[in-house]
Amino acid sequence: MLLEEMLQHNVQFMEKGTHTSGRGKDFPNKNAVILTCMEIQLDELLPKALGLNSGDVQFIRNAGAILTEPDDSVMRSLLIAVYELRADEIFVIGHHDCWLNGFRPEGILERMKVQGITEEEMSKFSDKSNLADWLRGFDQAKEGIKTSVQNIENHPLMPEDTPVHGLLINTDSGKLDIVVNGY
Ligand SMILES: [Zn+2]
């Protein structure tokens, strides 16, 4: 079991005593926050390709770096980063081969039914928004990034002078392309 593996590792980690507290370093060195995809290929690639070290920026990650709703928890995190954690600019970074590219939610809806989620529970949840639309991805990675950038820029609570950039990275080559230059 993964949990047991983690707990066992943690015992060894504590015995080594190599960890020093990071307290007092609460703000990112480069005063920026990055919203990116939860894709695992980006874990190693993104800091390397962008020249970022640990502690340079804050990362917020979700499926596809998608931000659609003004009351989305990602938006809440961005506002906290800007107002509380000294982030002066925002980067939305997607990747060309994103799993959310052209993603259709029908498969998830089917699997929910197999797991015993009833139609009633689904419709109760989607009182607020259509469940399928809510789960849907984007038709083109570029458009997905543009939409997220626009939704952040146009948010009524976001300061107007906060640049919001949109970028796409190629996970094969590591090349970064600008979709929106926020300056
Ligand atoms: Zn992705």
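Residues that are in contact (Cβ under 8 Å) with a residue 24 or more places away in the chain, in a helix (DSSP H, G or I) and in contact with a helix residue (DSSP H, G or I) (Cβ under 6 Å, 6 or more places away or on another chain) within segment 101-140 comprise Ile108, Leu131, Leu135, listed in sequence order. Inclusion of Asp72 among residues that are among the acidic types (Asp, Glu), exposed (fewer than 12 other Cβ atoms within 10 Å of the Cβ) and at pLDDT below 95 is not warranted. Is at least one residue of segment 141-159 over 20 Å from Ile34 (Cβ atoms) and among the acidic types (Asp, Glu)? Within segment 141-159, not a single residue is over 20 Å from Ile34 (Cβ atoms) and among the acidic types (Asp, Glu).
Of all residues in segment 31-69, those that are touching an Asp or Glu at 6+ places or on another chain (Cβ under 7 Å) and surrounded by 17 or more Cβ atoms within 10 Å (Cβ to Cβ) total 1. I'm told Arg111 meets every condition in (1) within 14 Å of the ligand (Cβ to nearest atom); (2) not assigned by TED's automatic domain parsing to the domain that holds Leu176 except one. Can you identify the failing condition by its number? So Arg111 meets the others, but not (1). Where strands (runs of 3 or more DSSP E) sit wholly within segment 1-100, those with at least 1 residues that are more than 15 Å from the chain's Cα centre (by Cα) occupy 89-95.
The residues of segment 144-171 that are part of a loop (DSSP other than H, G, I, E, B) and free of Cβ contacts under 8 Å to residues at least 12 places away in the same chain, listed by number, are Asn154, Glu160, Asp161.
This table checks each residue for (1) within 12 Å of the ligand (Cβ to nearest atom); (2) among the hydrophobic types (A, V, I, L, M, F, W, C); (3) at pLDDT below 95; (4) not assigned by TED's automatic domain parsing to the domain that holds Leu176.
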{"residue": "Val33", "(1), (2), (3), (4)": "no, yes, no, no"}
{"residue": "Asp56", "(1), (2), (3), (4)": "no, no, no, no"}
{"residue": "Ile60", "(1), (2), (3), (4)": "no, yes, no, no"}
{"residue": "Gly94", "(1), (2), (3), (4)": "yes, no, no, no"}
{"residue": "Glu119", "(1), (2), (3), (4)": "no, no, yes, yes"}
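The residue pairs whose first member lies in segment 52-78 and is among the small types (Gly, Ala, Ser), whose second member is buried (at least 16 other Cβ atoms within 10 Å of the Cβ) and part of a loop (DSSP other than H, G, I, E, B), and whose beta carbons are closer than 6 Å, counting only pairs six or more residues apart or on different chains, are Ala63/Leu100; Gly64/Cys98; Gly64/Leu100; Gly64/Gly137.
The values are calculated or read from the model by the stated rules, or taken from the named source; none is laboratory data. Keep in mind that this is a model prediction, so the values were computed, not measured. Backbone-built Cβ (ideal geometry, glycine too); neighbour counts: all protein chains shown.
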